[in-house]
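J.: Before we start, here is the structure in question, set down as structure tokens.
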Amino acid sequence: MNNPPKQLSSTDMTKYLYQDKSVSKEMRVMNRAILQKLCCDRIKAHKEVENIMMLNKDGDVKDKIMDQYKKINQFRFSEDQEKLYINDKIAHFYLEMVNSDTEEHIFKYAKNEKILLEYRIFDRMKSVNESDKAYFLEDLLVMLKIDFRPLTQTEFNKLQVDLRELVFKKKNPTIQQFFKVPFQEAYGSLSGLNVILDKGMAYIYQDEIVKTVLNKYEETLIKAMIKLKNNEKFREYQENDSQFLDMREKLKNYDFGEQITEIQGGHKLAFVNIQQFSQVSFPPCMKIMHDKLVKEHHLKYLSRQQLQLFHKSAGMTINDCINFWRVSFSDRINDKQFEEHQYNIRHNFGLEGKRADYFSRSCMNIWNQQATPDYEGCPIKTFTDEKFQILLNTLSIHERDTIYKIMEHKNLNHYDVACKLIWDAKHPDMIVKMERSFVMDNPIKYYKNSREYYDPKGVNKQKQ
């Protein structure tokens, strides 16, 4: 008979506040491939949770978010809890270093880690008896050095009516279920009127005190990362250590999405369907480059690379790709001059040079490319609001609320969410028709899901 999984005690839970910065032997000898995998799992979960929260602002998303975090191996609870904790600690602190380069990255990482902690606490408290929750939370308050005090019986009697109103859904709350903290520690609960203030102290119910824990944790993490950012020795390490620079580059350009399966059957891009498919199933970044190529019979190097890799990943054969580019360039160059371009296409298909199996560049990679007059990258990021709204008009997106939401996310730098909203506008009733959603983290995702929307069986019969 199998033993039940080991339950996480409150003492174990305080480990995930990461106040212990000591480095174990296991952390010193961590294989780089394993380290990269641990960090990528965490990055991916954070990114997918961001998308869930952005696209479901009004709904209850706890279960969806919990599902994402439980995909992180080091989130789970098991018999070998210590090993999972070591892996978790490694990923947390390494990403803390990676993101300590700018204040923007610091605040974003701290916010994501705060959400992760919230759901760890939420998941843990589901298995804690109501009478034990206060003791569980006390350990977290102590570890974060939050000045809290138990209520005296006199205070409880004096404020009993008001305290009961705070928790009207709970029957007969006990004195042990309330906390008293300096009011400045309870700022996360003040706006919701979920506290009682008296003589500079805030009286909070145990479910609400979690906000105080989370805000203090985020504040502590931000301070630690800013201190690290300003550390001269760390700056020198960040700028000169080749292994760290290589790993940081890989993590910054990590393709967040799940492995994209090969394009099948009638969904494949081909010489005979590229013009038709480009107008209905290409994402804005690729459609702009395709239309420019067809009109001007020329593209600069970065644009060619990006579009050719997209063609390859969309299922186009090497012969079709060469023929398409030869025809597209025919007004500018002759067959002899095209030979150099043909070599580059074959290289992108893994048939020349080091014969690497290249794939369509991820959205993150495209965002990180510097836009130029000859290379516009992601139009959601690089276009002015005026130019971008003209683009939306050419995509036949006219509904005012939809445009407002797209522009809102563009201006908040949520380029992937804005692109997903464009896809949704072009593919109405997607959830009903396809019975699923997806995260927009690679241009090929836009194309693949569009083809499956219009042609579920991949028989290449157009319905759009």
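The values are calculated or read from the model by the stated rules, or taken from the named source; none is laboratory data. Since the structure is predicted, the reported quantities are computational estimates derived from the model, not experimental observations. FYI the Cβ positions are ideal-geometry reconstructions off the backbone, even for glycines, and counts take in every protein chain you see. For accessibility, only protein heavy atoms count, side chains too; no ligands or nucleic acids. Shrake-Rupley method; radii C 1.70, N 1.55, O 1.52, S 1.80 Å.
J.: Each residue of region 221-236 in turn: what ³J(HN,Hα) in whole Hz from Karplus with 6.51, -1.76, 1.60 and θ = phi - 60°, glycine and Pro shown as x?
T.: 5, 4, 4, 5, 6, 5, 4, 5, 4, 8, 7, 4, 5, 5, 4, 5
J.: Is the C-alpha gyration tensor of region 256-405 telling us rounded, prolate or oblate? Criteria: a/c under 1.5 is rounded; beyond that, a/b larger than b/c is prolate, otherwise oblate. Before the final figure, lay out each step's value.
T.: Numbers: a/c = 1.65, a/b = 1.46, b/c = 1.13.
Prolate shape, in that a/c is at least 1.5 and a/b is the bigger ratio.
J.: Multiply the residue gap between Asn411 and Ile397 by 0.36 nm, knock off their C-alpha separation, and tell me the result in nm, one decimal place.
T.: Values: separation 14, 0.36 × 14 = 5.04 nm, distance 1.78 nm.
Computed gain between Asn411 and Ile397 is 3.3 nm.
J.: Within region 339-439, report the trypsin sites (Lys or Arg not before Pro) that DSSP leaves as loop and that have at most 14 other Cβ atoms within 10 Å.
T.: Working: sites: Arg346, Lys354, Arg355, Arg361, Lys381, Lys387, Arg400, Lys405, Lys410, Lys420, Lys426, Lys433, Arg436; in loops: Lys354, Arg355, Arg361, Arg436.
Those satisfying the criteria are Lys354, Arg355, Arg436.
J.: Moving to a separate point now. With every protein chain left in place, what is the accessible area of His298 in Å² (1.4 Å probe, nearest 10)?
T.: 70 Å²
J.: How much of the accessible area of region 272-324, in percent, comes from carbon and sulfur atoms when a 1.4 Å probe is used? Write down the numbers at each step before the final one.
T.: Working: 1040 of 1890 Å².
The value for region 272-324 is 55 percent carbon and sulfur by accessible area.
J.: Moving to a separate point now. Rounded to the nearest 0.05, what FRET efficiency is calculated for Phe271 and Asp67 with R0 set to 56 Å and r the Cβ-Cβ distance?
T.: Numbers: r = 42 Å, r/R0 = 0.74.
Rounded to the nearest 0.05, the efficiency is 0.85.
J.: Can you work out the FRET efficiency for the pair Ser242 and Arg332, with r the C-beta to C-beta distance and R0 = 41 Å, to the nearest 0.05? Walk me through the numbers on the way to the answer.
T.: Values: r = 41 Å, r/R0 = 1.01.
Given R0 = 41 Å and the Cβ-Cβ separation, E is 0.50.
J.: Let me ask something additional. Mind checking the full-extension length gain between Lys387 and Tyr135? Use 0.36 nm per residue of separation minus the Cα-Cα distance, one decimal, nm. It would help to have the intermediate numbers written out before the result.
T.: Values: separation 252, 0.36 × 252 = 90.72 nm, distance 5.69 nm.
Difference between extended and current length: 85.0 nm.
J.: Beta carbons within 10 angstrom, averaged per residue: use that to sort the peptides 323-329, 285-291, highest first.
T.: Working: 323-329: 17.1, 285-291: 21.1.
Top to bottom by mean Cβ count within 10 Å: 285-291, 323-329.
J.: Now a separate question. Rounded, prolate or oblate: which one fits region 328-374, using the alpha carbon gyration tensor with axes a ≥ b ≥ c (rounded when a/c is under 1.5, else prolate when a/b beats b/c, else oblate)?
T.: Values: a/c = 3.18, a/b = 1.29, b/c = 2.46.
Since a/c reaches 1.5 but b/c is at least a/b, the shape of region 328-374 is classed as oblate.
J.: Quick one: order Val294, Val142 from most to least accessible surface, probe 1.4 Å. It would help to have the intermediate numbers written out before the result.
T.: Values: Val294 65, Val142 90 Å².
Largest accessible area first, the list is Val142, Val294.
J.: Label 7 Å along Cα→Cβ of Gln342; region 263-293 residues with amide nitrogen under 20 Å?
T.: 271-272
J.: Considering amide H positions built from the backbone, and no H for Pro or chain starts, which residues 5 or more places from Ile196, or on another chain, come under 5 Å of its amide H?
T.: Tyr203
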